[in-house]
Each structure stands twice: as C-alpha cells, then as structure tokens.
Amino acid sequence: MSELRAVAVTGGKGGAGKSTVAVNLAALLADIGYKVLLVDADVDNPNDHIYLGMERRKAGDIVIKTPVIDQNLCDGCLECVRICPTHALLGRKGSIPLFFEDSCLGCSLCAEICPKKAIKDGKKEIGTLYDGESDRIRIISAAIKPGEARSPLVAYSLVKFFRQIDKNQFDRIIIDTCPGVANPVMQALRLAEHALIVTEPTPLGLNTMKLSFKAMEKLGMSFDIVINRANVPSGVTKIIEEEAAKRGIKVFRIPYDEAVIEAAVQGVPAVKRNERMKQAFLEIVREVFSID
Ligand code: SF4
Ligand code: SF4
C-alpha cells in the first residue's frame, strides 16, 4: 500500500470505540513527531478534544437561510411550493404556503423563483464550528444544536471548513466520522483515502460492520477492520476474522483495558499511559500509515 495521509475512522455502531481509536492514533502520531489534523466529524457528539485534554474555541456559527414570506405580497401562486426540493413549503392555490422548518435546506430556491419577491431570507443557527490546537495536533469539529435535526447540513459546514485549511501543514489527517452509514458519515468518508472500520465482537457489532462494508463498496474505498475490546471472549471475533479473510482485509485488535476509560476521564489518551495499548496502536500506525 502506498503511503496514506488521510484515514477515516468509522463504524456502524455508536459506542464501538471509534473516538478511542481516532484520538489514540492522533496522539501516537503526534508523539512520534508527525503533525496531525484531526477532524472530529461526529457532529452529534464531538468529544475528541476532551479525550485528548485539548481546549477548543468557537470558530463560527453554522447558519442557514430560511424563507420568511411577506403575507402582504404573496398571492398564493405556489411557485415556491413547486420548486422546493424537500417539501418544506406546502399550500393550496391562493393561500399563503405553510413552512416546515425542519425540512428546509436553506437553498433559497423559493426566494429566487417567487414572482412577487415575497420571500426574504431569514436566518437559523443550526450548529457551531470549533477549532483547537496543541503542539502537534490541530482538531476541528462541528456540533449540531440540541434539538436540531439537520446533521447533513452541519456536516457539510465542517467539510467546507476542512477545505479551507492548508493540508500541506500536516503530515497525517484523521477523520472521526459519526456512527452509521447516513449522509454525514458519507460526507466525512469522502475526505479520506482509506478507512478503519471499528467494531466490537458482538452480534450487533458484526451486523453494523457489514453495513459499513456496503458503504465502502459504494464509495470504492479501501479499508481495514479494528476490533475493539478484542480480548473479551466471544465467538463473533472468529466470524469477523473470517469475513475479513474473505475480502483480504487486515484486522487489528485493540484489547479491553480499564486504562482506556481511566485515561479518557482524565483527558489523556491511553497510548500515553499503557504500554499494551501503545503497542496495539503502534501496529496500526506502522501498517496503515506506513510509519516505522
Ligand atoms: S412564490 Fe411567492 S407569491 Fe407565490 S406562493 Fe410562494 S411566496 Fe407566495
Ligand atoms: S430554502 Fe430551499 S429547502 Fe428551504 S423552503 Fe426554500 S426552497 Fe425549500
């Protein structure tokens, strides 16, 4: 495999250990001397900075335009209803359309098409962008506002933020995606050259891992598997290994160790506290990032 710079850490199931893998890889690469950009794209739960003991600062609000209809100008022609791609506007001919905000993408098509110029741009804040830096790690993230459902738009804002950054400053890039295979995950995966699918040796872990396989196939992306808590006795480990062997995929194993939890609580990555964890992550760093 040629030298990889941008690797996504993903997985079909929340709580499988994605963030543990992402932050420990970032910390280990930084310790070795590499400059790392960590993209915490888990927009519902962007906590990687906490596990790394890093501060983050607000880098901007994520705001979308929403339509505000002037009832005095609107004649109920329904042109806006017709063009809205998400059915966020609905109505009957001759009446003022109803607006369903949660479905709105903020595309402004309705305002552009309105023949009466009855639609003005309102604003809706749906999330926040963050940025943080330590010696060798820069972390960027986006957090969706509580109660807000439009995570694809929040993920898209983070992708735009990522694109503005000069990636030449960094030796390696790690992207920690949301769990699952929905739109925000696919957006984050597209930033990477390769992925690590993190799973755990349980029946649910196995099933969600297979969903992640399908996402990889859809994107035409290469990937390896990381079994988290691999030393917990389970017949599923063998099945995961057989699935990997069928596809010629590498399998890495991260042991369960209470040091991971203790370290996370203290904001210290486990690789800095525990030799067994360090060796497990060193194997991934060597094999995936081609670093000796
Ligand atoms: S396009 Fe303009 S005038 Fe027509 S229904 Fe929509 S807001 Fe009213
Ligand atoms: S901004 Fe776009 S998505 Fe929102 S209501 Fe208008 S046309 Fe629909």
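Observations
- Simple label model, 7 Å out from Cα along Cβ direction - Asp102 to Lys167, nm: 3.5 nm
- Nitroxide proxy distance, nm - points 7 Å out along Cα→Cβ at Leu109 and Glu275: 6.2 nm
- Cα-based shape type of the chain, given that a ≥ b ≥ c are square roots of the gyration tensor eigenvalues and the cut on a/c is 1.5: prolate
- Remark: the chain carries 47 Å² of accessible area per residue (probe radius 1.4 Å; ligands, DNA and RNA excluded).
- Judged by the ratio a/c of the largest to the smallest principal axis of the C-alpha gyration tensor, the range 64-125 counts as prolate, that ratio being 1.5 or greater while a/b is larger than b/c.
- Cys with no candidate disulfide partner in the chain (beta-carbon separation under 4.7 Å rule): Cys74, Cys77, Cys84, Cys104, Cys107, Cys114, Cys178
- Using a Förster distance of 51 Å, the FRET efficiency for Gln71-Asn231 (Cβ separation, nearest 0.05): 0.20
- Relative protection proxy for 124-130, 106-112, from highest mean packing down: 124-130, 106-112 (other beta-carbon atoms within 10 angstrom).
- In sequence order, calculated HN-Hα J values of the range 172-178 (Karplus, 6.51, -1.76, 1.60; Hz; x Gly/Pro): 9, 10, 10, 10, 9, 8, 5
- Working ranking of peptides 26-34, 209-217 by packing, defined as the average number of other Cβ atoms within 10 Å per residue, highest first, is 26-34, 209-217.
- Fluctuation leader among Phe100, Phe170, Phe161 - the chain, Gaussian network, Cα springs under 10 angstrom: Phe100
- Our note on the geometry: Cα centres of the range 13-46 and the range 128-146, 12 Å apart.
- The portion of the accessible surface of the chain made up by carbon and sulfur, rounded to a whole percent, is 50 (1.4 Å probe; DNA, RNA and ligands excluded).
- Take the Cα of Val265, step 7 Å toward its Cβ, do the same at Asn183, and the gap between the two points is 3.9 nm.
- Set of aspartates and glutamates near Lys123 by C-alpha distance (under 12 Å), chain-local residues within fewer than 8 positions excluded: Asp61, Glu101
- The distance separating the Cα centre of the range 56-114 from that of the range 242-281 comes to 47 Å.
The values are calculated or read from the model by the stated rules, or taken from the named source; none is laboratory data. Computed from a prediction, not measured in an experiment: that's the story for all the values here. Because the Cβ atoms are built from the backbone with ideal geometry, glycine has one as well, and the counts that use them run over all protein chains shown. Surface areas here come from the heavy atoms of the whole protein model, side chains and all, with no ligands, DNA or RNA. Shrake-Rupley method; radii C 1.70, N 1.55, O 1.52, S 1.80 Å.
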